[in-house]
Amino acid sequence: MADLATIERLKDRAADMRVDLLKLCYKAGLLHIGGDLSITDIVTCLFHYAMKYDPKGCRWEGRDRFILSKGHCAGAIYIAQANAGYYDKQEVMDTYCALDSRFGLHPCCQVLDTFEISTGALGHGLSISVGMAKAAKMDGKKHRVFVILGDGESMEGSVWEALMAAPQFKLGNLVAVVDRNRLSMDGPTEVNMKLEPYADKFRAFNWRVVEVNGNDMKELCTAFDNLPPADSDIPTLILANTTKGKGIDFMENNPLWHAGSIKDEETLNNCIGQILDARAKEKRGEASWQ
Ligand SMILES: Cc1ncc(C[n+]2csc(CCOP(=O)(O)OP(=O)(O)O)c2C)c(N)n1
């Protein structure tokens, strides 16, 4: 179980990741900043707490597998993998989205072996994760497969085929985290394609469903601490209620900040200030991050 010091350390890391993302959004231009900021706490908790991996070698056989099904939010993963020791963060910051860079708008496993698969076309990650989890079970392997999906992404029919297949194949080693920020690219999910009663739908598909505040580090740690053993039979779906653009007042819940760039240094400094102030106030007990 995560103690208080661990949770505080993870919160610091999440604040640092948000600052790095904002810098990328200023320097490189186009970043899917809204969705990056909504998954920052989830990604931090996975890469710095919940997942097993070897920082010296990304292809260690015993590693937990990670799939970013909402591949447009690669920025958060580049930063997490750099922090995990797989490459130099400066290379990410200097070359993201530049011609011939390894760090494109969407992640490509042909140039980065830290990614199990390339993603960006939505709707495929869960199906691939089901296949990887089934293969692991057939081979008697003990690792887990973690996958992050967007809620808008679940408008793709293939997601529901995979949701149906995972319990059938008894994939207790599969953990899907759905980033429930309630916005898709162009507006609210409940307007574009009603998803509610979302949790009930996943339950009806025979998943073990855990609902959390996906911007609350303690709740995330608890959800990952309480995962059933990898050799059990029921897949887990963590329905993570988040805020798109979390931490920046003019980006939060604003579809215009699905993707974008920060145009000037003054705005960047204002954004960084918002993140650092919020973290400092939380540490002093003056305000809650949630
Ligand atoms: C197959 C496919 N169709 C359309 C897109 C364009 N697209 C990129 S992001 C996005 C919205 C996804 O919404 P959601 O999954 O909720 O992501 P989030 O809001 O968390 O960023 C769309 C439609 C795509 N990448 N892939």
(message) Just to verify a result, which residue in segment 55-99, among those that are open to solvent by 40 Å² or more (accessible area, probe 1.4 Å) and touching a Gly at 6+ places or on another chain (Cβ under 8 Å), is nearest to Ile33 (Cα to Cα)?
(response) Cys97
(message) For a quick check of your reading of the model, give me the residue pairs whose first member lies in segment 214-228 and is free of Cβ contacts under 8 Å to residues at least 60 places away in the same chain and farther than 18 Å from Arg180 by Cβ, whose second is of a type in the set (A, V, I, L, M, F, W, C) and open to solvent by 50 Å² or more (accessible area, probe 1.4 Å), with beta-carbon atoms closer than 8 Å and at least 6 apart or on different chains.
(response) Pro228/Ile234
(request) For Glu153, indicate whether it is of a type in the set (Asp, Glu), open to solvent by less than 10 Å² (accessible area, probe 1.4 Å) and within 14 Å of the ligand (Cβ to nearest atom). (result) yes
(message) If I filter segment 8-31 for residues that are buried (at least 24 other Cβ atoms within 10 Å of the Cβ), within 16 Å of the ligand (Cβ to nearest atom) and not in a helix (DSSP H, G or I), do I get at least one hit?
(response) yes
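Give segment 212-268 a look and list any residue that's outside any helix (DSSP H, G or I), among the small types (Gly, Ala, Ser) and within 28 Å of Met164 (Cα to Cα), or say none. If you could, list the steps in order and put the result at the bottom.
The first filter runs over segment 212-268 and keeps only residues outside any helix (DSSP H, G or I), leaving 212-216, 226-254, 258-264.
Okay, now just the ones that are also among the small types (Gly, Ala, Ser), so 214, 230, 232, 240, 245, 247, 259-261.
Selection gives Gly214, Ala230, Ser232, Ala240.
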(request) Check Phe103, Phe115 and return the single one that is assigned to a loop (DSSP other than H, G, I, E, B), in contact with a Pro (Cβ under 7 Å, 6 or more places away or on another chain) and without any contact (Cβ under 8 Å) to a residue 60 or more places away in the chain. (result) Phe115
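Given the residues Ala121, Ala176, which is the only one that is within 16 Å of the ligand (Cβ to nearest atom) and either part of a loop (DSSP other than H, G, I, E, B) or under 22 Å from Leu24 (Cα atoms) (or both)?
Answer to the check: Ala121.
The values are calculated or read from the model by the stated rules, or taken from the named source; none is laboratory data. Bear in mind the structure is a predicted one, so any value in this text is a computation, not a measurement. Cβ coordinates were reconstructed from backbone atoms using ideal geometry, including for glycine residues, and neighbour counts include every protein chain displayed. Ligands, DNA and RNA are stripped out before the accessible areas are found, and what is left, the full protein with its side chains, is counted by its heavy atoms. Shrake-Rupley method; radii C 1.70, N 1.55, O 1.52, S 1.80 Å.
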